[in-house]
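Notes follow the structure.
The values are calculated or read from the model by the stated rules, or taken from the named source; none is laboratory data. For clarity, every value in this text was computed on a predicted model and none was experimentally measured. All Cβ positions, even for glycine, are placed from backbone atoms using ideal geometry, and neighbour counts span all protein chains on display. The protein model used for the area step is the full one, side chains on, heavy atoms only, and it has no ligands, DNA or RNA in it. Shrake-Rupley method; radii C 1.70, N 1.55, O 1.52, S 1.80 Å.
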Amino acid sequence: MTLLNGAPDTHILTSSPDDAPSGAPLTPTGRVLRAGGYALLIIAAAGVLLPFFWMVSSSLKTSNDVFTIPVQWIPKTWVWKNYLDIWSQSGMATWWKNTLLLSVVVTFLQVLTGSFAAYGFARMRFPGRDTLFLVYLGTIAVPWQSYMIPQFILFSKIHLSNTLWSIILLQAFGAFGVFLMKQFFESIPEELSEAARIDGLSEYGIYRRIMMPLSMPAIASLTLLTFVNTWNDYLGPLIYLRSPNLWTIQLGLQTFISTLYDSNYALLFTGLVLSVLPVAVIFMLGQRYFVEGIATSGIKG
């Protein structure tokens, strides 16, 4: 508000553009643009969700109805028995157990080792810290395919090939997790750590009682990303896990059609739905922390 003429007894006020109410009605052009934006988002969402809808629909059809022309989006006959047959007529139980075990263990170790190393890089002072971090971070740019053969020879020499330990050790440490957690740790005020040191808390205590509880968004982001990556991993199990009783769900489903049921694609889509379900549930439970962690990991306090 601006007082005109500067006279004490003058009460004529004018409003600046900043005083306009934020909830003012949209102009016709604004309504059209907003409606167009919503329409584009709906189309994009439909394009993303349509394949998943077709996958779920195909899992409830007979094998002959999966690839009919025109496409049957809604099954003529709902074959719920597919979800029982996939467990009884394949190694789905074993695949699920192995994949879940690997995903949980690898995720736990990645969060533990990544956050611990990130605390050292973010809060400890030692010679060559920044150089060491940059070198470690540079390993992200090196593709695994460039060193997977010597790595496989090494694991074979120490008799870890064809065991679940090979996959666990391969993925238990990662530079990306260290980078993500370090960026989040640096957004936490240093004064909290200093106050804790004055009160006699050790560095381990600061890490466990201050840094980790305040870093739940970053931990949730790293947990989700690591779990999804391990759950969907195909190349690692293909190279290291040769025994059928060690197969993961991705490796098992790949061999399911060719070796077990030839052209029963309905059962294959049933297995695909079961492979996607855990990831979808975990993301729905942690999506708020995931978005917050990704949004704030690059912000420094």
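Work out, step by step, the length gained on full extension between LEU277 and ARG31: first 0.36 nm times the residue separation, then minus their alpha carbon distance; give nm to one decimal.
84.8 nm
Could you do me a favour and compute the accessible area per residue for the chain, 1.4 Å probe, result in Å²?
Numbers: 18030 Å² over 301 residues.
Computed with neighbouring chains in place, this is 60 Å² per residue.
Could you check how much of the accessible area of segment 162-215 is carbon and sulfur, as a whole percent, using a 1.4 Å probe? Before the final figure, lay out the partial values.
Working: 1720 of 2690 Å².
So the carbon and sulfur contribution to the accessible surface is 64 percent.
Only Cα pairs under 8 Å and at least 6 apart count here; give the relative contact order of segment 64-194 as a rounded whole percent.
38 percent
Work out the FRET efficiency for ASP199 and ILE140 from their Cβ-Cβ distance, taking R0 = 35 Å, and round it to the nearest 0.05.
Details: r = 37 Å, r/R0 = 1.07.
Between ASP199 and ILE140 the formula returns 0.40.
What 222 nm value per residue comes from the helices of the chain, counting each DSSP H run with n ≥ 4 as -39,500 (n - 2.57) and dividing by all residues, nearest 500 deg cm²/dmol?
Mean residue ellipticity, 222 nm, calculated: -20000 deg cm²/dmol.
Taking R0 as 35 Å, what FRET efficiency do you get between ALA93 and LEU49 from their Cβ-Cβ distance, rounded to the nearest 0.05?
Efficiency, from the Cβ-Cβ distance: 0.75.
Under the rule that an exposed site lies in a DSSP loop and has at most 14 other Cβ atoms within 10 Å, name the longest stretch of the chain with no trypsin sites (Lys or Arg not before Pro) of that kind, not counting the sites themselves.
Numbers: sites that count: LYS76, LYS81, ARG125, ARG242, LYS300.
Looking at the chain, 126-241 is the longest stretch - no exposed trypsin sites (Lys or Arg not before Pro) with at most 14 other Cβ atoms within 10 Å.
Give me the extension gain from TRP80 to MET216: residue separation times 0.36 nm, minus the current Cα-Cα distance, reported in nm with one decimal.
Using 0.36 nm per residue and subtracting the Cα-Cα distance, I get 45.0 nm.
Based on C-alpha coordinates, I'd like the Rg and Dmax of segment 73-138, in Å.
22.9, 69
Classify segment 60-170: rounded, prolate or oblate, from the alpha-carbon gyration tensor (a ≥ b ≥ c, eigenvalue square roots; a/c under 1.5 rounded; otherwise prolate if a/b is larger than b/c)?
Since a/c reaches 1.5 and a/b is larger than b/c, the shape of segment 60-170 is classed as prolate.
Please give the helix 265-296 orientation as an angle from the longest Cα principal axis of the chain, in degrees from 0 to 90, rounded to the nearest 10.
Rounded to the nearest ten degrees, it is 20.
Using only protein heavy atoms and a 1.4 Å probe, report how much of VAL273 is accessible, in Å² to the nearest 10.
That residue has around 20 Å² of solvent-accessible surface.
For segment 31-72, which chymotrypsin sites (Phe, Trp or Tyr not before Pro) pass both filters: DSSP loop (anything but H, G, I, E, B) and at most 16 other C-beta atoms within 10 Å?
Answer in residue order: PHE67.
Mind running the shape call on segment 16-123? Use the C-alpha gyration tensor, a ≥ b ≥ c as the square roots of the eigenvalues: rounded below 1.5 for a/c, prolate if a/b tops b/c, oblate otherwise. Don't skip to the end; give the middle numbers.
On the way: a/c = 4.56, a/b = 1.22, b/c = 3.73.
Cα axes put segment 16-123 in the oblate bin.
Output the Kirkwood hydrodynamic radius of the chain, Cα pairs only, in Å rounded to one decimal.
Evaluated over the chain, this radius sits at 24.0 Å.
With label points built 7 Å along Cα→Cβ from the Cα atoms of ARG129 and TYR234, find their separation and express it in nm.
According to this spin-label approximation, the distance is 4.3 nm.
Hey, with R₀ at 51 Å, roughly what FRET efficiency would LEU169 and ALA39 work out to, going by the Cβ-Cβ distance, to 0.05?
0.55
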